[in-house]
Every structure is written in C-alpha cells, then in structure tokens.
Amino acid sequence: MTQPHLYDAGALIAIDKNDRRMWARYQVAVDDGRDVRIPAAVVGQAWRDSRRQVRLGQFLAGCQVDPVGLETAKAAGILCGRAGTSDVVDATVVVMAAATGAVIWTSDPEDVKALADASGARPALVIRAV
C-alpha cells in the first residue's frame, strides 16, 4: 500500500492559485494510487469565498477530507504544548500524518518538522508544497 499524502493550508492555497508544480505533484500522487487527505480544519484555514475558489472546491471534491475528532484534537493540543506553539492546525496535520503514515505537503516545513520532532512519532516526510 502506498503512503497517503496529507496537505496543509499552504498546499491548498497553491492549488487555489493554480500553482503548476503543486498540481503536477497532486497528479503524480493520483497516478501512483495515493490517497490525498486533508484535515477538515485545514480546509477552514484556506477557504474564504466559494465564488472565487471554484478551482479549490473542485480539487477538494477529489480528496478525502478527514474530520478532526476529539482524540485527534486533544493530541494536537498536547503537541502544541510540547512544541511551545499555538498552531493547532499544523499540530493536527502532524498528528493525523503520524496516525496514517502520510507524507506531509506543507508550505512551512520548518514549523511542521519542529512539531513532528516534538511528537516523537515522526511522519515519513515533510515536503515543501510551494
């Protein structure tokens, strides 16, 4: 089974801005049979206007958007405390990637790597999205 890809808000913003590199990376993932997963909280970070974000809406329709349940939310909060950060959405991305073995695509690899290091259960890779 191939590793899923998990996108943060920076990856979604790149898709929304029609960044060709991010679209190409997405297509390679799909061609490889990888699941593309997005925590629902990440959608909230990137979504602003349905009228202007048609491209992103179409993209999201082809992805698995995962709800953030109570245990994941608690784990993200604990991780924020360990890492000394308040970015609960990035922490949620790290927690969900660790749980699923996903590769994280992010525009903030340094921040996500710091969270991954603090988690003790490191995701496979943290890759710059844009």
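The values are calculated or read from the model by the stated rules, or taken from the named source; none is laboratory data. Not measured: the values here are computed from a predicted model. Note: ideal-geometry Cβ built from the backbone for every residue, glycine included; neighbour counts use all protein chains shown.
Going through Ala76, Ala91, Ala99, Ala124 one at a time, which residue ends up being modelled with pLDDT of 90 or more and surrounded by fewer than 20 Cβ atoms within 10 Å (Cβ to Cβ)?
Values: Ala76 fails: surrounded by fewer than 20 Cβ atoms within 10 Å (Cβ to Cβ); Ala91 fails: surrounded by fewer than 20 Cβ atoms within 10 Å (Cβ to Cβ); Ala124 fails: modelled with pLDDT of 90 or more.
Only one candidate qualifies: Ala99.
Looking only at the stretch 65-75, count every residue that is assigned to a loop (DSSP other than H, G, I, E, B) and touching a residue at least 24 places away in the same chain (Cβ under 8 Å) and tell me the total. If you could, list the steps in order and put the result at the bottom.
Here is the first cut: in the stretch 65-75, the residues assigned to a loop (DSSP other than H, G, I, E, B) are 67-69.
Within this subset, residues satisfying the condition of being touching a residue at least 24 places away in the same chain (Cβ under 8 Å) are 67-68.
Residues that pass the stated criteria total 2.
Which residues, counting only those in the stretch 85-121, are outside any helix (DSSP H, G or I) and either touching an Asp or Glu at 6+ places or on another chain (Cβ under 6 Å) or in contact (Cβ under 8 Å) with a residue 24 or more places away in the chain (or both)? Walk me through it before giving the result.
First pass over the stretch 85-121, keeping only residues outside any helix (DSSP H, G or I): 85-87, 101-108, 120-121.
Within the stretch 85-121, Thr85, Asp87, Gly101, Ala102, Val103, Ile104, Trp105, Thr106, Ser107, Asp108 qualify.
Is it the case that the stretch 6-19 has a residue that's surrounded by 14 or more Cβ atoms within 10 Å (Cβ to Cβ), of a type in the set (D, E, K, R) and more than 26 Å from Ser119 (Cα to Cα)? Before you say what the answer is, go through the steps one by one.
Pass one, the stretch 6-19, residues surrounded by 14 or more Cβ atoms within 10 Å (Cβ to Cβ): 6-16, 19.
Checking the rest, the ones that are also of a type in the set (D, E, K, R) come to 8, 16, 19.
The next check asks that each one be more than 26 Å from Ser119 (Cα to Cα); those that pass are 16, 19.
Within the stretch 6-19, one or more residues are surrounded by 14 or more Cβ atoms within 10 Å (Cβ to Cβ), of a type in the set (D, E, K, R) and more than 26 Å from Ser119 (Cα to Cα).
How many residues does the stretch 45-64 contain that are free of Cβ contacts under 8 Å to residues at least 12 places away in the same chain and of a type in the set (Gly, Ala, Ser)?
Qualifying residue count, the stretch 45-64: 3.
Every residue in the stretch 1-59 that is in a loop (DSSP other than H, G, I, E, B), modelled with pLDDT under 95 and of a type in the set (A, V, I, L, M, F, W, C), please.
Matches in the stretch 1-59: Met1 only.
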